[in-house]
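Heads up: the structure comes next, in structure tokens.
The values are calculated or read from the model by the stated rules, or taken from the named source; none is laboratory data. Computed from a predicted model, the values in this text were never measured in an experiment. Here Cβ is always computed from backbone atoms with ideal geometry, including for glycine, and neighbour counts include all displayed protein chains.
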Amino acid sequence: MTRKSAYEWHRAWQAGGRVALASKGSAGGGGKLTEEQLVRLEAALEEDAAAHGWSDQRWAAPRVAVLIAEMFRISYTSRGAVYLLRRLGWSFQVPAHHAVRRDEARIAEWTRRVWPAMKAPGRPGSRGWSSPTSPARV
């Protein structure tokens, strides 16, 4: 806390009492979309992404930002779309991407046969000491 802040708070308290010191809420604009636009956006999100022209049904943050721009002519970044989705109670999930030619059977076989041979052997069973000049105490 700075001295200037303390003087300002004291001045506000003298002028208006405890009511003048009450919080006025968080700073910021509160968002770019109106309540009516938020309702329309949620209705569009309830439909899947394929209904809005994408090849699959996943809603990703960049897609939501594009949807907002197309529906309302309002620009959102991907990160801003994530904040908006969280504010609306939507969970943000990142889909796992796999290679198109991924072969699960070959991966399992490699993990079973090759990986144990490549893995470095563990430490010996006895306790050691970190200092090269001091032996381990037993």
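Quick one: how many residues across the stretch 1-42 are at pLDDT 90 or above, under 24 Å from residue 80 (Cβ atoms) and surrounded by 10 or more Cβ atoms within 10 Å (Cβ to Cβ)?
Residues that pass the stated criteria total 8.
Can you name the number of the only condition in (1) of a type outside the set (A, V, I, L, M); (2) surrounded by 10 or more Cβ atoms within 10 Å (Cβ to Cβ); (3) in a helix (DSSP H, G or I) that residue 115 fails?
Every listed condition holds for residue 115 apart from (2).
Any chance you could count how many residues in the stretch 57-110 are over 21 Å from the mean Cα position of the chain (by Cα) and aliphatic (A, V, I, L, M)?
Residues meeting the conditions: 8.
What is the residue count in the stretch 42-88 for residues that are among the polar types (S, T, N, Q) and in a helix (DSSP H, G or I)?
So the answer is 1.
Residue under question is residue 9, and the condition is that it be part of a helix (DSSP H, G or I) and among the hydrophobic types (A, V, I, L, M, F, W, C); does it hold?
yes
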